[in-house]
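What follows is a set of notes on a single structure, which appears directly below.
The values are calculated or read from the model by the stated rules, or taken from the named source; none is laboratory data. Worth saying up front: this structure is predicted, and the values here are computed from it rather than measured. Counting neighbours? That spans all protein chains shown, and the Cβs are built from the backbone with ideal geometry, glycine included.
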Amino acid sequence: MNAIYVLWIRQLKRYVRSRARIVGSLGQPLLFLVALGFGFGPVFEKAGQGNYIQFLAPGVIGMTILFSAVFSGIELIWDRQFGFLKETMVAPVPRIAIMIGRTCGGATVALAQGLIVVAICYAAGFRSNNLASLPFALVFMALIALMFTAFGTAIASVLSDFQAFQLVMNFLIMPMFFLSGALFPLFGVPRALQIVAAVNPFAYGVDGMRAALIGGTAHFGAAVDLAVLGGITAALLGLGSYLFSRIQL
């Protein structure tokens, strides 16, 4: 437990010291809120769907957590290439403890960035319709962060260079985001998109978070969202632990 705590705090210290990373993490959410939120807002409203900022904000928050969590795997490749990982691995602690500590640290950083974007969304005009549901939204945000940090760690455990990691992430993560319903409602879309969304784990996170933040009925159902996220998170933690334990230094 002590090793997990130490690695957790180490990840947080890295984030706090990296001011450029904190500022840079806000660029993409601001672009989506301004360009899409205000640009497509009148069209969305004329279509009878209401305020687009209200609909878009949970997707933008989820996007911030998703990208931050997945790209935390780059830090593992960095540590591996420059020898910092070897110093950690020779410590007399199980590798699974090292993996869990790094994952918890990366997930906490991703969650912190998500909370910063929540404040930005409020400044842009977003308002939660049910303040009592905010803790449930936080649960979904934490599950998204933990799930995709574990996923990023699993991918980074089998890759050895930054270029390959970025290619894999762009091939998997960008479609996962755009086809999740983060930018458009899943009601009434073609059957093919509904099927893609149904097998997309990020779609369940966005769906549950949106229902908690703005109210209404979740597309898949809040209980289904929570069950799917919990199951996949547990599976990815197990896979990440296995792959991390087989890293050759």
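Take the stretch 177-223 and flag every residue that is part of a helix (DSSP H, G or I), under 20 Å from Val43 (Cβ atoms), within 17 Å of the chain's Cα centre (by Cα) and in contact (Cβ under 8 Å) with a residue 60 or more places away in the chain.
So the first thing to find is which residues in the stretch 177-223 are part of a helix (DSSP H, G or I), and the list is 177-178, 191-198, 201-214, 222-223.
Then keep just the ones that are under 20 Å from Val43 (Cβ atoms); that gives 178, 193, 210, 214.
Then drop every residue that is not within 17 Å of the chain's Cα centre (by Cα), which leaves 178, 210.
Correct list: Arg210 only.
Being among the aliphatic types (A, V, I, L, M) and in contact (Cβ under 8 Å) with a residue 60 or more places away in the chain is the filter here; which residues of the stretch 35-44 pass it?
Start the filter on the stretch 35-44 by keeping residues that are among the aliphatic types (A, V, I, L, M), which leaves 35-36, 43.
Answer for the stretch 35-44, where residues must be among the aliphatic types (A, V, I, L, M) and in contact (Cβ under 8 Å) with a residue 60 or more places away in the chain: just Leu36.
Tell me, which residue of the stretch 193-219 that is among the hydrophobic types (A, V, I, L, M, F, W, C) and surrounded by fewer than 20 Cβ atoms within 10 Å (Cβ to Cβ) is modelled with the lowest pLDDT? Lay out the reasoning, then the answer.
Taking the stretch 193-219 as the starting set, the residues that turn out to be among the hydrophobic types (A, V, I, L, M, F, W, C) are 193, 195-199, 202-203, 206, 209, 211-214, 218.
If we keep only those that are surrounded by fewer than 20 Cβ atoms within 10 Å (Cβ to Cβ) too, we end up with 193, 195-196, 198-199, 218.
On the way: Leu193: 88, Ile195: 91, Val196: 91, Ala198: 91, Val199: 93, Ala218: 82.
Across the stretch 193-219, the extreme among qualifying residues is Ala218.
Do you know which residues across the stretch 94-111 are surrounded by 18 or more Cβ atoms within 10 Å (Cβ to Cβ) and charged (D, E, K, R)?
Within the stretch 94-111, the first condition is being surrounded by 18 or more Cβ atoms within 10 Å (Cβ to Cβ), and the residues that meet it are 97-111.
The answer is Arg102, and nothing else.
Being surrounded by 17 or more Cβ atoms within 10 Å (Cβ to Cβ), within 29 Å of Ala223 (Cα to Cα), modelled with pLDDT of 85 or more and in contact with a Phe, Trp or Tyr (Cβ under 8 Å, 6 or more places away or on another chain), is that true of even one residue in the stretch 112-133?
Yes, the stretch 112-133 has at least one match.
Ile232: out of contact with any helix residue (DSSP H, G or I) (no Cβ under 9 Å at 6 or more places or on another chain), part of a helix (DSSP H, G or I) and either surrounded by fewer than 15 Cβ atoms within 10 Å (Cβ to Cβ) or not basic (Lys, Arg) (or both), yes or no? Break it down into steps so the answer makes sense when it comes.
Details: out of contact with any helix residue (DSSP H, G or I) (no Cβ under 9 Å at 6 or more places or on another chain): no; part of a helix (DSSP H, G or I): yes; either surrounded by fewer than 15 Cβ atoms within 10 Å (Cβ to Cβ) or not basic (Lys, Arg) (or both): yes.
Taking the combined requirement at face value, the residue does not satisfy it.
Any idea which of (1) surrounded by 14 or more Cβ atoms within 10 Å (Cβ to Cβ); (2) among the polar types (S, T, N, Q); (3) not in a helix (DSSP H, G or I) is the one Thr149 doesn't satisfy?
(3)
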